[in-house]
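What follows is one structure encoded as structure tokens, with my remarks underneath.
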Amino acid sequence: MKIALVHFRAGFTDGVSLEMEKWKRVLEGLGHEVIYVAGEFDRAEGIEISSISMKNEENFWIHRNAFERLSVDEETFQRRFERYAETIKNELEEKMPQVDLLIVNNIFSLGFNLAAAVALARWAREKDVRILGHHHDFYWERERYSRPQCGFVRRVLEEYFPPKGEKMRHVTINTLAQKELFRRKGIESVVVPNVFDFDQAAWQIDEYNEDLRSKLGIGKDLFVLHATRIVPRKAIEIAMDFTARLCEMVEGKVHFVVAGFPEEESREYYRKIVEKSKRMPYETHFVFDMVRSERFMNKEKYYSLWDMYAACDVVTYTSVLEGWGNQLIEAVFARKPLVVFEYPVYKSDIAPIGFEFISLGDVAHYDATEGFYKVDESKLEVAARRLKDLISEPEKLSRIVQKNFELGKKHLSLQSLRERLEQILKTLR
């Protein structure tokens, strides 16, 4: 088949973009022709539908009016919405080649761009194209999408998030989402967890990245990596508090490195994280300007996210809400000790696999004054002490990270994705 992987963006280091790369590779291995269709690209190529870029100003206006405050009457809002949806549909008409299947990532589930979902569904119906909705995140999981400002927005969410139909199939990435989708919408789905290529060469220090620590001024100090994007639900502040407690227990300097980028709507959270970092007893490095999905050089030298994993000593993963947990799997592959907050999907789908991580518990308190999450000091204390002890016992630590690697390879590999996709595609023929 000729298959289009559709998303707001492709080739970036966010979880959905990274997962699309894995699906593309597996689908091509099964003999299909696969193209990207996205609003913007970074280190990837495909068909650009600029009207669905995550930076589209018209969508920002619709988004604010749909979920924050309606600044016009509902009829005016609806007319402007329909004009934007028609713009997207016209661009699809102009640029989209004939395909056998659309694999649509998050556009039919998240609620970020309501008009994109409407336009894409209408276009696919007219062209009689089959759709596999790959739903990483749902709008009801996000507080910002929980307050539709008018009846029209509520109707769009009901009809298009996700749409139903004989030509539509659905994939969720965890069992909690699968159950909630059926409870809310009566829609059945297949669970396909996020996976990773466990057969690739190990990420190691080599000639390209051997200067990374010195460039950051870390040298032989302890390097704690937080690899996620900078958005509030990633609760980076919990990792920062943990690292502060770790500083009290270990000798020498500690460095906290944030490799992900701030989303446009998270600029205020980023500002607060930067301010918090100035009060911490360690040095914080925000390195998203030098990290890309692949290594490359032009006037500057850019490192891949994998270089960051190779260089670090410890990985923190403190999200309070995740559809799965890409950076968690990456840390497993990198054979690094992982400090994790036990978010709901971790408890339901990942913990049963049997990984051995350092836990910060499953209770986080939100401080509305600061706009930050906190875990109990006792949890920080126990976790920091556990990590300190493991660092001092390299043979034991090596056994643990190798055990985690073997479990990841068994349950979350590209081979497991291949087997699942083969079964799903059979139902679409």
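The values are calculated or read from the model by the stated rules, or taken from the named source; none is laboratory data. Being a predicted model, the structure only gives us computed values, none of them experimental. Neighbour counts run over all protein chains shown; Cβ positions are idealised from the backbone, glycine included. Quick note on the areas: whole protein, heavy atoms, side chains included, nothing else; ligands and nucleic acids left out. Shrake-Rupley method; radii C 1.70, N 1.55, O 1.52, S 1.80 Å.
Kindly sort 279, 271 by accessible area of their heavy atoms, largest first, with the probe set to 1.4 Å.
Greatest to least solvent exposure: 279, 271.
Taking a probe of 1.4 Å, how large is the accessible area per residue of region 286-373, in Å²?
36 Å²
Which residue, chosen from 384, 424, 368, occupies the Cα position most advanced towards the positive end of the dipole of region 366-429, where the dipole is computed from +1 (Lys, Arg) and -1 (Asp, Glu) charges on Cβ about the Cα centre?
In region 366-429, that residue is 424.
Separation of region 1-46 and region 214-287 by C-alpha centroid, Å?
30 Å
In this model, which of 253/403; 95/127; 24/301; 234/396; 336/403 are farther than 20 Å apart at the alpha-carbon?
With Cα atoms farther than 20 Å apart: 253/403; 24/301; 234/396.
Students often check this: by mean Cβ neighbours within 10 Å, which of 33-39, 322-328, 408-414 ranks highest, and how do the rest follow?
Result, highest mean Cβ count within 10 Å first: 322-328, 33-39, 408-414.
So for the chain: antiparallel DSSP bridges make up what percent, rounded to the nearest 5?
Around 10 percent of the beta bridges assigned by DSSP in the chain are antiparallel ones.
How far apart, in nm, are two points set 7 Å out from the Cα along the Cα-to-Cβ line at residue 164 and at residue 21?
About 3.8 nm, to one decimal.
Tell me, Kirkwood radius of region 1-58 from alpha-carbon pair distances, in Å?
So the Kirkwood estimate lands at 11.5 Å.
Relative to the longest principal axis of the C-alpha atoms of the chain, give the angle of the C-alpha long axis of helix 57-67, reported between 0 and 90° and rounded to the nearest 10°.
90 degrees
Hand me the GluC sites (Glu not before Pro) from region 274-310 located in a DSSP loop with no more than 13 other Cβ atoms within 10 Å, in residue order please.
300
Ordering 369, 284 from largest to smallest accessible area (1.4 angstrom probe), what's the sequence?
Accessible-area ranking of 369, 284, largest first: 369, 284.
Remind me, relative contact order of region 1-90 in percent, using alpha carbon pairs under 8 angstrom and six or more residues apart?
Contact order relative to length: 25 percent.
Could you work out how much longer the chain between residue 351 and residue 73 gets when fully extended? Use 0.36 nm per residue separation minus the Cα distance between them, nm to one decimal.
My answer for the length gained is 95.3 nm.
Once each part is reduced to its C-alpha centroid, what is the distance from region 47-121 to region 170-209 in angstrom?
25 Å
Express the carbon and sulfur contribution to the solvent-accessible surface of the chain as a percent, rounded to the nearest whole number, probe 1.4 angstrom.
Here it works out to 46 percent.
Quick check: with the 1.4 Å probe, what order do 203, 23 take by accessible area, largest first?
The ordering from most to least exposed comes out as 203, 23.
For region 1-111, what does the convex hull of the Cα positions come to per residue, in cubic angstrom?
104 Å³
Per DSSP H run of at least 4 residues, take -39500 (n - 2.57); add these up for the chain, divide by its residues and hand me the 222 nm value, nearest 500 deg cm²/dmol.
So the helix-based figure for the chain works out to -12500 deg cm²/dmol.
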